[in-house]
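Written below as structure tokens is the structure these notes are about.
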Amino acid sequence: MLKGKVAIVTGGTRGIGIAIVRKYLDNGATVVLCGSRKETVDKAVETLRGENPEYNVEGIWPNLSSIEEVKEAFENVKKTYGKIDILVNNAGISARDSIYDYKAEDFSKIMDLNVNAVFNCSQVVALIMKKQQGGVILNTSSMVSIYGQPSGCGYPTSKFAVNGLTKSLARELGKDNIRVNAVAPGVTNTDMVKNLPDEIIKPLISTIPLGRVGEPEDIANAFLYLASDMASYVTGVVLSVDGAARS
Ligand code: NAD
């Protein structure tokens, strides 16, 4: 479904991100994955190449909060591969602090990666995609961008902003043949969730009509559809992939 396409996936070293990378590679794309540190990026690339030596995958680790570093890194990708067809803004962090003791610097830290970095990467890639007359930008939102959550207000706030960027950029960039969409995962079986004790995970699952948490591959499938030409008339959408969870 993505034969000949070139994709960048931020936060591509583990969890949902590496599932998207793997799905794109399995569908014929060349993928440049981004992580925060050289060591984790190298490890992810080595793991993927070990799974399939035919995978066209490499890794970079620009500071996503620095538009200059993002510009340099993405322009290098464009120089190497001639184009960038797909950007997935997936890197993100969360925290559960109560408003009563939430530190302002922690709130800013979340906004810096979950929102400012999405803006930086989107701006840099949009300029490249405009010149090449097309592309796809996808963002990882969250189900909390629809319902909020009862603690850790920074995280849902950042994901509401991601939805705002998604819908606004879709309207602004449609004329340049750039589609912009988001996927809003529910609780997904990444390291964070795997480490939760049974007494937390069991009641959580009981609130999900499909009776299980999502697997990273469930989420990656939605990212594959939205990146592909199957979604050629889909833009400005926040696609829930959450088993109809409503908490
Ligand atoms: P994860 O913690 O397993 O992976 C996060 C990724 O982001 C890693 O690749 C990491 O290298 C990268 N990252 C972290 N800090 C970074 C930084 N400062 N600079 C660059 N990269 C950085 O998380 P995950 O669960 O796979 O989450 C991926 C995305 O999915 C996030 O945007 C998250 O908000 C969203 N999400 C996750 C869930 C869930 O239940 N796991 C649910 C909804 C949304």
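The values are calculated or read from the model by the stated rules, or taken from the named source; none is laboratory data. A quick note: this is a predicted structure, and the numbers were derived from the prediction, not measured. Positions of Cβ are backbone-derived with ideal geometry, glycine not excepted, and every protein chain shown enters the neighbour counts.
Here the helices (runs of 4 or more DSSP H) wholly within segment 19-129 that include at least 3 residues being closer than 24 Å to Ser168 by Cβ are 67-81, 104-111. State yes or no: is Ser151 within 21 Å of Leu226 (Cβ to Cβ), in a loop (DSSP other than H, G, I, E, B) and among the hydroxyl-bearing types (Ser, Thr, Tyr)? No: the conditions fail for Ser151. For Gly82, the conditions (1) within 8 Å of the ligand (Cβ to nearest atom); (2) surrounded by fewer than 15 Cβ atoms within 10 Å (Cβ to Cβ) are fulfilled apart from (1). Across segment 147-187, the number of residues qualifying as away from the ligand (no atom under 11 Å from the Cβ) and touching a residue at least 40 places away in the same chain (Cβ under 8 Å) comes to 22. Can you name every residue in segment 22-56 that is of a type in the set (Phe, Trp, Tyr) and either surrounded by fewer than 21 Cβ atoms within 10 Å (Cβ to Cβ) or within 14 Å of the ligand (Cβ to nearest atom) (or both)? Tyr55 - this is the single residue of segment 22-56 that is of a type in the set (Phe, Trp, Tyr) and either surrounded by fewer than 21 Cβ atoms within 10 Å (Cβ to Cβ) or within 14 Å of the ligand (Cβ to nearest atom) (or both). Tell me whether segment 57-67 contains one or more residues that are among the polar types (S, T, N, Q), more than 11 Å from the ligand (Cβ to nearest atom) and either more than 24 Å from Ala182 (Cβ to Cβ) or in contact with a helix residue (DSSP H, G or I) (Cβ under 6 Å, 6 or more places away or on another chain) (or both). No, that holds for no residue.
Screening Ile146, Ile86, Ile67 for residues that are modelled with pLDDT under 95 and among the aliphatic types (A, V, I, L, M) leaves exactly one candidate, Ile146.
Being touching a residue at least 60 places away in the same chain (Cβ under 8 Å), β-branched (Val, Ile, Thr) and either surrounded by 13 or more Cβ atoms within 10 Å (Cβ to Cβ) or in contact with a Gly (Cβ under 9 Å, 6 or more places away or on another chain) (or both) holds for only one residue in Val125, Val115, and it is Val125.
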